[in-house]
Amino acid sequence: MTRRLLQAGAISGPLFIAVVLIQAAIRPGFDLRVHLISLLSLGDLGSVQITNFALCGVLCLLLAVGVWRALQRGPGGTVGPVFTALHGALLIVVAFSLTDPINGFPPGAVPPGAPTPHGIVHAFGALWVFLTNAMALAALSRHYIARREGRWAAYCLTSCVAMLLIFFGSFTSPTNAALFVDAALVVGWMGLSVVALKLLREMNAGPGTPSSS
């Protein structure tokens, strides 16, 4: 069961990113350099991205349970899963709280004069989606610090810091905000998936047998 749960987390990041890239290629008027991916939830094909957000959230909830089972309440084994679960739950919230149209997408949509309630919920939820992702990576680094696997501890911590720096960099560069958010998303989403793969390798190596650092 634990392997299945970790496998769910391992595919969560790559699957989410692949679906976004496919949509970016086929949705008329959408440009990853200009438009935040949340805008893909709007328009005739918006259900695809809504499903993508929600599915990724569910997979991250499963990952949280898998990490909790794998680490058996060791270092990072409680806080890491908690933040991973919050990350997944918030992805589901932002999936169904649609953002407001902006920057000409979807084509023909008129931006509201003021943020709508669901747009505010989406924006606030999205902020915490990124923060809980980063916190999960920071917490999970404790597992590898305790096992003296310095490279993996550094990977988790570096991913956490890089994600936060890139994400908050979007606030200082409005014209390139979408690119900053895209980059932060890739770092964070893939960070959790890579950790899931590493935990799977540790399980396959057997109890008490550390895999290569």
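Around Lys198, what is the net charge, scoring Lys/Arg as +1 and Asp/Glu as -1 over all other residues with Cβ under 12 Å from its Cβ?
Taking every other residue near Lys198 into account, the sum is +1.
Sorted by mean Cβ packing within 10 Å, highest first, what order do the peptides 192-205, 80-93 take? Let's see the in-between values first.
Details: 192-205: 20.0, 80-93: 22.9.
Final packing ranking: 80-93, 192-205.
I'd like the orientation of helix 2-26 relative to the chain: the angle between its Cα long axis and the longest Cα principal axis, in ° from 0 to 90, rounded to 10.
So the helix axis and the longest Cα principal axis differ by about 30 degrees.
Add -39500 (n - 2.57) for each DSSP H run of 4 or more in the chain, then divide by its residues: what number comes out at 222 nm, to the nearest 500 deg cm²/dmol?
-25000 deg cm²/dmol
For segment 87-103, just list the computed ³J(HN,Hα) in residue order, Karplus coefficients 6.51, -1.76 and 1.60, θ = phi - 60°, integers in Hz, with x standing in for Gly and Pro.
4, x, 5, 5, 4, 5, 4, 5, 4, 9, 10, 6, 6, 8, x, 7, 6
If you count, for each residue, the other Cβ atoms within 10 Å and average over each peptide, how do 129-138, 8-17, 172-181, 46-55 line up from highest to lowest?
The packing order, highest mean first, is 129-138, 8-17, 46-55, 172-181.
Which one is right for this structure if semi-axes √(5λ) of the Cα gyration tensor in Å is calculated from it: (i) 33, 17, 14; (ii) 26, 19, 15; (iii) 22, 20, 18?
Comparing each candidate, only (i) matches the computed number.
Can you give the Rg and Dmax of segment 1-54 based on its C-alpha atoms, in angstrom?
13.1, 43
If you place +1 on the Cβ of every Lys and Arg and -1 on the Cβ of every Asp and Glu, how big does the dipole about the Cα centre of the chain come out, in debye to the nearest 20? If you can, show how the numbers build up before the last one.
On the way: 12 positive and 6 negative charges, 182 e Å.
Approximately 880 debye in magnitude.
Quickly work out the Arg151-to-Phe124 label distance, labels modelled 7 Å from Cα along the C-beta direction, and quote it in nm with one decimal.
4.4 nm
For segment 32-106, which trypsin sites (Lys or Arg not before Pro) pass both filters: DSSP loop (anything but H, G, I, E, B) and at most 15 other C-beta atoms within 10 Å?
Filter output for segment 32-106: Arg33, Arg73.
Values in this text are rule-based calculations from the coordinates and carry no lab data. Everything numeric in this text was worked out from a predicted model, so none of it was measured. FYI the Cβ positions are ideal-geometry reconstructions off the backbone, even for glycines, and counts take in every protein chain you see.
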